[in-house]
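Each remark here refers to the structure printed beneath this line.
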Amino acid sequence: MKKIFLLFIMVLLVSGCSKVNKESVVKNFTKKVNTADSYFLSGDLELRNNDEIYNYAVEVSYEKKSFYKVSLKNKSNNATQIILKNEDGVYILTPSLNRSFKFQSDWPYNNSQIYLLSALVNDMKNDSNIKFKNENGNYTLTTKVNYPNNKDLVSQKIIMSDKLKLKKVTVYDKENIPSMEFKIKKIDYSPSFKKNYFKLNTIMETYSITDEAEKTMTLEDAIYPLVLPTGTTLANEEKIAKTNGERVLMTFDGDKPFLLVEETVNVEDEFTVIPTNGEPYHLMDTLGVMTDNSLSWVTNGIEYYIVSDVLNQDELVEIAQSIYVLPTMK
């Protein structure tokens, strides 16, 4: 009888020690990511803006020393942009235009990033009230997120298998509506990258600008924002011819004035690196440049630039997202 009782106690102890909980999952996933000398992952990213949905094929490469290469291929037009971090700085590469922006930036350590493992670990670390579920062979962690330029995004669900294999990350807004979803197809924690894999020129040499460049020489119709700050209206519009295309200047006056520039895009004859003081910003179907008082991006052969002394970054993004429509009346 004593043997049976002792056996019962041992079973209880073993089962208690092996119990999976929030703390053990966070600790083991964090260790797995932080001890990796490198990793490669790929998957599908879906971004939602009201009724508009944008889909990307994503590939992320990481190597210790804080080297990152994030390739984002827009599935609707096959245009590829790349966020690169190496020993020289942070870049947004746009091969179709033969150009790159160079940033003096803390990216990717300054905010949440749905497709970076280290960012997910930081989100776990910074949230003392993580919610945890263990069901159907999957672990689900719900954490807060930090997207400084989009305060509507407040939480995310991180789903992984019971082997800690990441499967899906979904970011939610204040109404608990999914805004971003990243489905992971492959993760390799011991990839081997070729020499110069994270070098700017090496990456650019793998792309042909003629394959992706979308050339637009004229602006037949200006595209007007559907969202304007209260008390702000279009005061003036001017079209200007430039060497290889056209430019439209729109001045908005009122309580929160701003300038909107739309112009045809020129493909650079030689690879050009443009220094900037801003930060990389993912604006639905493209990567742009965000500063304290401006936002610029390129889409569908048109380059956009919004600048204002009074608008904050949230307002800049709201106006920019409202331009993602067909040409409309003023």
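Computed from the coordinates by the stated procedures, all read-outs in this text should not be read as laboratory data. Just so you know, these numbers come straight off a predicted model, no measurement behind them. Quick reminder, even Gly has a Cβ in these numbers, built from the backbone with ideal geometry, and neighbours come from all protein chains shown.
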Notebook entry, point to check: Hey, rough spin-label estimate for residue 307 and residue 267, points 7 angstrom out along Cα→Cβ, what's it come to in nanometres?
Noted result: 2.8
Note to self: Are there DSSP H segments in the chain that both extend 20 Å or more along their axis (alpha-carbon positions) and score a mean Kyte-Doolittle hydropathy of at least 1.0? List them, or say none.
What the structure shows: 2-17
Next item on the list: Using only Cα atoms, locate the centre of the stretch 141-209 and the centre of the stretch 68-114, then give the distance between them in Å, rounded to an integer.
Entry: 13
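Take the cross-link list 19/165; 75/239; 31/167; 133/183; 125/256; 125/174 and give me the ones stretching past 28 Å between alpha-carbons. Walk me through the numbers before you get to the answer.
Values: 19/165 18 Å; 75/239 32 Å; 31/167 18 Å; 133/183 19 Å; 125/256 38 Å; 125/174 21 Å.
Correct reply: 75/239; 125/256.
What do you get for GluC sites (Glu not before Pro) in the stretch 253-307 restricted to DSSP loop and a cutoff of at most 10 other Cβ within 10 Å of the site's Cβ?
Working: sites: 262, 263, 268, 270, 303; in loops: 268, 270.
Here the GluC sites (Glu not before Pro) that fit, given the DSSP loop and packing criteria, are 270.
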Item checked: chymotrypsin sites (Phe, Trp or Tyr not before Pro) within the stretch 9-113: DSSP coil, no more than 15 neighbouring Cβ in 10 Å -> 109
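I need the GluC sites (Glu not before Pro) found in the stretch 86-181, filtered to DSSP loop residues with at most 13 other beta carbons within 10 Å of theirs.
Working: sites: 87, 135, 175, 181; in loops: 87, 175.
Answer by residue number: 87, 175.
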